[in-house]
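Here is the structure we will look at.
The values are calculated or read from the model by the stated rules, or taken from the named source; none is laboratory data. What you see is a predicted model; the values in this text were computed from it and never measured. Note: ideal-geometry Cβ built from the backbone for every residue, glycine included; neighbour counts use all protein chains shown. Ligands, DNA and RNA are stripped out before the accessible areas are found, and what is left, the full protein with its side chains, is counted by its heavy atoms. Shrake-Rupley method; radii C 1.70, N 1.55, O 1.52, S 1.80 Å.
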Amino acid sequence: MAVVTLYHAQGCHLCERARAQLVELREELGFELREVDIGGDADLEAAYREFLPVVEVDGARLFTHYVHPDALRRRLRSQSPA
C-alpha cells in the first residue's frame, strides 16, 4: 500500500483543501495517509514552509501548493501490481 504524506501548517487554507481532497481520494484509491504538521520544527519549516501544502508519495515529492487528483490516480495506479 502506498503511503501519501501531507506536510501542512495551522492556518494554511491550501493545506485544508489538500487534506479534504486526499481524504476523499484515499477512499477511492486505498492509500495510507500520513499528516505532518511542520509547525514548531525548524528543519521542517525550512524545508517545506514556502511550498505548503506538500504531498509526497512513498517519500518522493509529488505536489506543492495544490493536489492534482488525476495525477495522483495515475501515479498510484502505475505502482499497483497488475
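For Y7, the solvent-accessible surface computed with a 1.4 Å probe is close to 30 Å², ligands and nucleic acids excluded. Dividing the summed helix terms, -39500 (n - 2.57) for each DSSP H run of n ≥ 4, by the number of residues in the chain produces a 222 nm estimate of -13000 deg cm²/dmol to the nearest 500. Please turn the phi angles of the range 72-77 into ³J(HN,Hα) values with the Karplus equation 6.51 cos²θ - 1.76 cosθ + 1.60 (θ = phi - 60°), one per residue in order, whole Hz, x for glycine and proline. For the range 72-77, the Karplus-derived couplings read 5, 4, 4, 4, 6, 5 Hz, x marking Gly and Pro.
Here the simple spin-label model places points 7 Å from the Cα toward Cβ, and for V36 and A60 these points are separated by 1.7 nm. Phi-derived couplings, Karplus 6.51 cos²θ - 1.76 cosθ + 1.60 at θ = phi - 60°, listed residue by residue for the range 15-20: 5, 4, 5, 4, 4, 4 Hz, with x used for Gly and Pro.
Please get the size of the charge dipole for the chain, origin at its Cα centre, with Cβ charges of +1 on Lys and Arg and -1 on Asp and Glu, quoted in debye to the nearest 20.
Values: 10 positive and 14 negative charges, 77 e Å.
Dipole magnitude for the chain comes out near 380 debye.
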